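The values are calculated or read from the model by the stated rules, or taken from the named source; none is laboratory data. What you see is a predicted model, and the numbers here were worked out from it, not measured in a lab. FYI the Cβ positions are ideal-geometry reconstructions off the backbone, even for glycines, and counts take in every protein chain you see.
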Amino acid sequence: MKRKVALITSARSDYSTMYPVMQAAQLDPEIDASIFCAGMHLVEEFGYTYRQLEADGLEISEKVDYHVPGDGEIGLVQSLAKGVLLFSEALVRQNPDIILVSGDRIENMALFTAATALKIPICHMCGGDITEGAFDNQVRHMMTKLAHLHMVSMPEHARRVLQMGEEPWRITLTGDAALDTVVGFTPLTRKDLFRLESIPEQGSLALSTFHPQTLGEVDSLKEYANLLTALAEVDAIPVLTYPNIDPGFEPLIEMLEGFQRVRPDAVIKRSFTREGYYSMMAHAGFMIGNSSSGLWEAPSFELPCVNVGARQAGRLRAANVIDVDGLDLDGIRAAIKTAQSTQFRSSLTNLENPYGKGQAAALTMDVIKSASLGDRLLMKKFYECDAGFASVTIRGMDGA
């Protein structure tokens, strides 16, 4: 019998990781894949990005629309409560043997709550990472403790998952599956990028995405104001994307839309196609903001990234990342100048991406298909790593 696997995406950020695995699952004759599209994907204001899944040839089994309109924490809490019910109903309908989900989005707490109550094992991707400036950090660690199998991106992440008491046999080092798409990717020409995404054919480009910082007392509005002030001075066409749906997104969108009065040549995108976004990264002179893509995917394009503020604090960086205090306008200007310099760009030649080499989907499918279902998987023991991490063998450590 085929193994029934539910694969979940709730935002454009996790879809970059989930897409290669969803594609592999749908094509695998040993897997009966059901794809759940949820959350931000189903919100018109953010571009109805569920259409990207359809354009990618993925068959959506469930649309889990739990979003409650509003920009504050109350709306988020109401969305989570609604999500528990709707995810529960969808999981009962699909009756999967195992769930596969990536990342750290707080909306997926609803999924994990429903799956735990229904006793459905969870395979979690990208655990053990750190983002100290967002509540995603705690959410990610909570997901690790509720999950039964862990597909991690790098050895440091595997050690952190071990520190949380997870048994070594549950952990596989796969790399991040988003890089499965990046490795060997052929960017669109500027002409085709214009046809697909309306990005001007001529002129240098600067890519920017800035999300709310959901932890700490830092003023995200002031940070974004500084970023936009510095970006307005740049001799390049600014291409800016909408923030994600975290609390505090609405004032950022207002500032983003107002930026076009200062820079009429700016291009504002609610969302990109994946092919369009990666092509933008290939053609851009630099990127600026606090998006995880500056740390995950940008190294593969040897793309300088000015990382503003503390949202990504604690996450491993490659040499393309220039960190800067978001409240220091002159510091942001200086970081942009560095990112645009020929010397810095040249220093990134042959940069190795620490997040993987493009084998994650295949490794993940191997684990999903070979995992023994039953009590050993569901009943978790706390692993005491008394002997030290160096003595622990993790699957995939030499292959990812």
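Residues in segment 61-103 that are farther than 24 Å from Glu250 by Cβ, within 20 Å of the chain's Cα centre (by Cα) and β-branched (Val, Ile, Thr): 2 in all. The single condition from (1) surrounded by fewer than 20 Cβ atoms within 10 Å (Cβ to Cβ); (2) under 14 Å from His157 (Cα atoms) that Asp129 fails is (1).
For every residue, the table says whether it meets (1) assigned by TED's automatic domain parsing to the domain that holds Pro168; (2) in contact (Cβ under 8 Å) with a residue 24 or more places away in the chain; (3) farther than 23 Å from Leu221 by Cβ; (4) in contact with a Gly (Cβ under 6 Å, 6 or more places away or on another chain).
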| residue | (1), (2), (3), (4) |
| --- | --- |
| Glu297 | no, yes, yes, no |
| Cys305 | no, yes, no, yes |
| Asp325 | no, no, no, yes |
| Ser341 | no, no, yes, no |
| Ala362 | yes, yes, yes, no |
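Quick one: would you say Arg317 is in contact (Cβ under 8 Å) with a residue 60 or more places away in the chain and in contact with an Asp or Glu (Cβ under 9 Å, 6 or more places away or on another chain)? Judged against the criteria, Arg317 is not a match. Considering segment 300-381, the qualifying helices (runs of 4 or more DSSP H), each wholly inside and each with 3 or more residues that are buried (at least 18 other Cβ atoms within 10 Å of the Cβ), run over 329-340, 360-370.
The set of residues in segment 217-244 that are part of a loop (DSSP other than H, G, I, E, B) and either over 22 Å from the mean Cα position of the chain (by Cα) or more than 22 Å from Ala266 (Cα to Cα) (or both) comprises Glu217, Val218, Asp219, Glu233, Val234, Asp235, Ala236. Number of residues in segment 39-55 that are surrounded by 14 or more Cβ atoms within 10 Å (Cβ to Cβ) and part of a helix (DSSP H, G or I) equals 9.
Listed here are the residues, each with its yes/no results for (1) touching a Phe, Trp or Tyr at 6+ places or on another chain (Cβ under 6 Å); (2) surrounded by fewer than 17 Cβ atoms within 10 Å (Cβ to Cβ); (3) assigned by TED's automatic domain parsing to the domain that holds Thr364; (4) among the basic types (Lys, Arg).
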residue: Val92; (1), (2), (3), (4): no, yes, yes, no
residue: Asn95; (1), (2), (3), (4): no, yes, yes, no
residue: Ala114; (1), (2), (3), (4): yes, no, yes, no
residue: Ala117; (1), (2), (3), (4): no, yes, yes, no
residue: Ile120; (1), (2), (3), (4): no, no, yes, no
residue: Thr144; (1), (2), (3), (4): no, no, yes, no
residue: Val152; (1), (2), (3), (4): no, no, yes, no
residue: Glu156; (1), (2), (3), (4): no, yes, yes, no
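When segment 203-235 is filtered for residues that are out of contact with any helix residue (DSSP H, G or I) (no Cβ under 8 Å at 6 or more places or on another chain), under 20 Å from Leu329 (Cα atoms) and surrounded by fewer than 22 Cβ atoms within 10 Å (Cβ to Cβ), the ones remaining, listed by number, are Gly216, Glu217, Val218, Asp219, Lys222, Asp235.
On the basis of being on the phi < 0 side of the Ramachandran plot, surrounded by 17 or more Cβ atoms within 10 Å (Cβ to Cβ) and not in a loop (DSSP other than H, G, I, E, B), does Leu85 make the cut? No: the conditions fail for Leu85. Looking across segment 3-30 at every residue that is part of a loop (DSSP other than H, G, I, E, B) and either of a type in the set (S, T, N, Q) or at pLDDT 95 or above (or both), the one that is surrounded by the fewest Cβ atoms within 10 Å (Cβ to Cβ) is identified as Pro29.
Sub-6 Å Cβ pairs linking a first residue in segment 209-229 that is in the same structural domain as Glu297 (by TED's automatic domain parsing) and closer than 17 Å to Glu73 by Cα to a second residue that is at pLDDT 85 or above and among the aromatic types (Phe, Trp, Tyr), at least 6 apart or interchain, are Pro212/Phe249, ordered by first then second residue.
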